[in-house]
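Inspection log for the structure reproduced underneath, given as structure tokens.
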Amino acid sequence: MLSIGICPVCAAGPLGLRQCGVCRRVVVLCDECDVAWRTDDPTRPGSYGQETMPCPGCSADLWTAGATWATREAVAATPWLVKHLPTLVESPAREPQR
Amino acid sequence: MANPQQQLARLAVGILTLTRGRLSLRATIGLCLAAVLYVLVLQPLAKQTLGISLPSLPAIDQPADKPAPQSRPAPERTPRSGAGSPTGVPAAVDPADLPTVLTDRGRGVYESSGGLRYTRGSQQGHRLAHVMAHTLDEPDRVGQHGVFDTNDPAEVVRLIDEAYGLALAGKQTTTQREEGRTIYTVNLRRRIGYIGGESGARKGHPSAQYLKLVIDGDRVITAFPLRP
Ligand SMILES: [Zn+2]
Ligand SMILES: [Zn+2]
């Protein structure tokens, strides 16, 4: 899993980069408290998971519906994420258990 | 071949252990009588008249697919690592197995006696399983990963209820509110776990006496030990 920092909401989960299986956007997702943002600006409204984890772009479930952790290629193809490429942190991903 | 007395003794214990609470008394007695008939009549008869040795009855202990029950381990003071498991999370926990602490409200919703609801959701599929991911360390996880000292789901639910009670009473708690989340940081004033993950490992797994509880209304989103 590639991440760009620690979640400002729970102060524990990594801010992972998740690619939506439906709209194909790369979004920022905390897999600890289930909050996702459309960009790397966490002051903008996010989307909050309950039974599903809605993509902030299209509302598809980020835990199912073909979503995956984003690859470096997908990150490089996302303009607002390019500046993070040199400092991306890579760590083992938890994969959805459903 | 074991002698008939040994075979019968082993078998009787096995049958009683295996069928306890599952077969009626009559069925259990029937099973025992069939075993007695086999060992005391059929086996000797086959040997005498046909000259063949029928096999001994097997010893029945526990079913092979079910591990023997273990007593609950004492709270650990050394890191339990999930690194060896492919998912990094503990074996699946079924909230239906915890009737003393959770009430089934239907549709996968379980309510604690403290009034918190554990629902479907999270990448583990259920919020209780998500919380239980904090009973194992994930040494490679970025940042802090709080790990409970206990790995007993009922004890974890009770601990979270205790923290929620303090939070609702405004005691020993700092509260932060986001649009879809309320985040309580509660000081339990005793050790409840330690800090794991990459950052915890770097600091020598310091102990934790705070619990972070993230909720949405009365739904648990996550909860874990931390050092603020
Ligand atoms: Zn978070
Ligand atoms: Zn989407």
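Can you tell me how many residues in segment B:143-158 are open to solvent by 20 Å² or more (accessible area, probe 1.4 Å) and in contact (Cβ under 8 Å) with a residue 24 or more places away in the chain?
Matching residues across segment B:143-158 total 5.
Does B:Gly180 satisfy the criteria of being more than 27 Å from the chain's Cα centre (by Cα), open to solvent by 10 Å² or more (accessible area, probe 1.4 Å) and within 29 Å of A:Ser47 (Cα to Cα)?
Numbers: more than 27 Å from the chain's Cα centre (by Cα): yes; open to solvent by 10 Å² or more (accessible area, probe 1.4 Å): yes; within 29 Å of A:Ser47 (Cα to Cα): yes.
So B:Gly180 fits the description; yes.
Please give the number of the condition A:Cys58 fails out of (1) open to solvent by 60 Å² or more (accessible area, probe 1.4 Å); (2) within 13 Å of ligand 2 (Cβ to nearest atom); (3) of a type in the set (A, V, I, L, M, F, W, C).
(1)
Within segment A:39-69, count every residue that is part of a loop (DSSP other than H, G, I, E, B) and within 16 Å of ligand 1 (Cβ to nearest atom).
Initial filter on segment A:39-69 (part of a loop (DSSP other than H, G, I, E, B)): A:39-46, A:49-53, A:55-60, A:62-67.
Filter once more, so that each one left must be within 16 Å of ligand 1 (Cβ to nearest atom): A:40-46, A:49-50, A:53, A:56, A:62-63.
So the answer is 13.
Residue-by-condition table, conditions (1) more than 18 Å from B:Ser122 (Cβ to Cβ); (2) of a type in the set (Lys, Arg); (3) facing another protein chain (nearest Cβ under 10 Å):
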| position | (1), (2), (3) |
| --- | --- |
| A:Cys10 | no, no, yes |
| A:Asp40 | yes, no, no |
| A:Thr43 | yes, no, no |
| A:Gln50 | no, no, yes |
| A:Pro56 | no, no, no |
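Return the only residue of A:Thr68, A:Thr78 being in contact with a strand residue (DSSP E or B) (Cβ under 7 Å, 6 or more places away or on another chain), within 16 Å of ligand 2 (Cβ to nearest atom) and away from chain B (no Cβ under 14 Å). Give the derivation first.
Working: A:Thr68 fails: away from chain B (no Cβ under 14 Å).
Selected residue: A:Thr78, the only one of A:Thr68, A:Thr78 that is in contact with a strand residue (DSSP E or B) (Cβ under 7 Å, 6 or more places away or on another chain), within 16 Å of ligand 2 (Cβ to nearest atom) and away from chain B (no Cβ under 14 Å).
Across segment A:2-49, which residue is farthest from A:Glu95 (Cα to Cα) among those that are of a type outside the set (A, V, I, L, M) and in contact with a helix residue (DSSP H, G or I) (Cβ under 6 Å, 6 or more places away or on another chain)? Outline the logic, then answer.
We begin by selecting, within segment A:2-49, every residue of a type outside the set (A, V, I, L, M); these are A:3, A:5, A:7-8, A:10, A:13-14, A:16, A:18-21, A:23-25, A:30-34, A:37-49.
Those still in the list that are in contact with a helix residue (DSSP H, G or I) (Cβ under 6 Å, 6 or more places away or on another chain) too: A:19, A:39.
Values: A:Gln19: 13, A:Thr39: 22 Å.
Of everything passing the filter in segment A:2-49, A:Thr39 is farthest from A:Glu95 (Cα to Cα).
Which of the residues belonging to segment B:115-155 are on the phi > 0 side of the Ramachandran plot and in contact with a strand residue (DSSP E or B) (Cβ under 9 Å, 6 or more places away or on another chain)? Don't jump to the end; show me each part of the working.
Let us first name the residues in segment B:115-155 that are on the phi > 0 side of the Ramachandran plot, namely B:115, B:121-122, B:125, B:143.
Correct list: B:Gly121, B:Ser122, B:Gly143.
Only one of A:Val35, A:Val82 is crowded, with 22+ Cβ neighbours inside 10 Å and not charged (D, E, K, R). Can you tell me which? Quick ask: steps written out before the conclusion?
Details: A:Val82 fails: crowded, with 22+ Cβ neighbours inside 10 Å.
Exactly one residue qualifies, and that residue is A:Val35.
Within the group B:Leu136, B:Leu128, B:Leu211, which residue is open to solvent by 10 Å² or more (accessible area, probe 1.4 Å) and under 27 Å from B:Asp97 (Cβ atoms)?
Values: B:Leu128 fails: open to solvent by 10 Å² or more (accessible area, probe 1.4 Å); B:Leu211 fails: open to solvent by 10 Å² or more (accessible area, probe 1.4 Å).
Result: B:Leu136 is the single residue among B:Leu136, B:Leu128, B:Leu211 that is open to solvent by 10 Å² or more (accessible area, probe 1.4 Å) and under 27 Å from B:Asp97 (Cβ atoms).
Evaluate segment A:3-20: report whether one residue or more is touching a residue at least 60 places away in the same chain (Cβ under 8 Å), surrounded by fewer than 24 Cβ atoms within 10 Å (Cβ to Cβ) and under 10 Å from the mean Cα position of the chain (by Cα).
Yes, segment A:3-20 contains at least one residue that is touching a residue at least 60 places away in the same chain (Cβ under 8 Å), surrounded by fewer than 24 Cβ atoms within 10 Å (Cβ to Cβ) and under 10 Å from the mean Cα position of the chain (by Cα).
Checking A:Thr87 against (1) within 16 Å of ligand 2 (Cβ to nearest atom); (2) open to solvent by 20 Å² or more (accessible area, probe 1.4 Å): exactly one of these is not met. Which one?
(1)
Inside segment B:95-130, can you point out the residues that are modelled with pLDDT under 95 and among the hydroxyl-bearing types (Ser, Thr, Tyr)?
Of everything in segment B:95-130, just one residue is modelled with pLDDT under 95 and among the hydroxyl-bearing types (Ser, Thr, Tyr), namely B:Thr100.
The values are calculated or read from the model by the stated rules, or taken from the named source; none is laboratory data. Small disclaimer: the values here were computed from a predicted structure and weren't measured. Heads up, the Cβs are rebuilt from the backbone with ideal geometry, glycines too, and the neighbour counts pull from every protein chain shown. Please note that ligands, DNA and RNA were not included when accessible areas were found on the heavy atoms of the full protein model with its side chains. Shrake-Rupley method; radii C 1.70, N 1.55, O 1.52, S 1.80 Å.
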